[in-house]
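Report on the following structure.
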Amino acid sequence: MASILVVDDSPIMRKIVIRTLRQAGYGEHDIREAGDGSEALEEIRVAPPSVVLSDWNMPNMNGLDLLKTIRSENIRVPFGFVTSESNVEQKSQAAAAGASFLLSKPFTADDLDAELRRVL
């Protein structure tokens, strides 16, 4: 069973992502939450998940800095952005840092499933 770490500073957005994961058929997986990149980093260091779904803009540590930090520590967990940020520059930065995908909000269960099938 896969473990999925949902990282977003908005508790409401975390609930939406988790609900969408369930709709996409991932409800049986171990779904964990973190409120920002710093909290997520500690989670990832202790027990790396099968995949990280992260927002871009968060306090303390944003999603891009989280991704760069785990890559610098040689942690190779698949990492996807689920964010309202989706301009060309950010997509380029995400790919350069090693993101598996960048999924723009709003998204459907099918959109999420298509991205997760590629990395899980």
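The values are calculated or read from the model by the stated rules, or taken from the named source; none is laboratory data. Predicted model, so just to flag it, every value in this text is computed and none were measured. Neighbour counts are summed over all protein chains in view; Cβ atoms, including those assigned to glycine, are modelled from backbone coordinates with ideal geometry. Note: areas computed on protein heavy atoms with side chains; ligands, DNA, RNA excluded. Shrake-Rupley method; radii C 1.70, N 1.55, O 1.52, S 1.80 Å.
Of the trypsin sites (Lys or Arg not before Pro) found in the range 64-120, those that fall in a DSSP loop while having at most 13 other beta-carbon atoms within 10 Å are Arg76. Within straight-line reach of Lys15, meaning a Cα separation under 19 Å, sit the following lysines at least 8 residues removed in sequence or on another chain: Lys105.
With a Förster radius of 22 Å applied to the C-beta separation of Thr108 and Ile12, the computed FRET efficiency comes to 0.75. Sparsely packed loop sites in the range 37-120 (the GluC sites (Glu not before Pro) outside DSSP H, G, I, E and B with at most 15 other Cβ atoms within 10 Å) comprise Glu73. Which percent of the accessible area of the chain is formed by carbon and sulfur heavy atoms (probe 1.4 angstrom)? Ligands and nucleic acids excluded, carbon and sulfur reach 47 percent.
For the range 27-120, what is the accessible area per residue in Å², given a 1.4 Å probe and the full set of protein chains?
49
Look at the Cα gyration tensor of the range 57-120: its axes a ≥ b ≥ c give a/c of at least 1.5 with a/b at or below b/c, and that counts as oblate. Calculated FRET efficiency, Val46 to Ala95, Cβ-Cβ distance, R0 = 30 Å: about 0.65 to the nearest 0.05.
If the label point is 7 Å along Cα→Cβ of Met1, which residues in the range 9-27 have backbone nitrogen under 17 Å from it? Residues passing the 17 Å test: 18-19, 21-27. Note on the chain: Cα Rg divided by 2.2 N^0.38 Å, N the number of residues, gives 0.94.
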